[in-house]
């Protein structure tokens, strides 16, 4: 019984460490598709490529909410990832 509790606690700590590392914000204006897919929940390879295509056609994102203009990205996805998204340096900074 004690071994199970210790195992559960160690597993919990290990997963917490992965979550903290996972929460490093990704700059949606400079990240490649792999970085976007790895950092953002609900964003796989296809949506990451769509983000890059949108960025290339329309220039850098000025606000996180602009992601809803990308095909396949809804407000729910944006809201779930707000703390994971960075805009980096833009011309207006």
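We did not get these values from a lab; they are worked out from the coordinates using the rules stated. The structure presented is a predicted model; accordingly, all values stated were derived computationally and were not measured. Note that each Cβ is placed from the backbone with ideal geometry, even for glycine, and that neighbours are counted across all protein chains shown.
Structural remarks
- Were the residues from residue 45 through residue 5 laid out at 0.36 nm apart, the gain over their Cα-Cα distance would be 10.6 nm.
- Take 68-79, 32-43 and order them by the average number of nearby Cβ atoms within 10 Å per residue, most first; the result is 32-43, 68-79.
- Across region 25-93 the C-alpha pair distances fall into 5 Å bins from zero in the proportions 3, 19, 34, 31, 10, 3, 0 percent.
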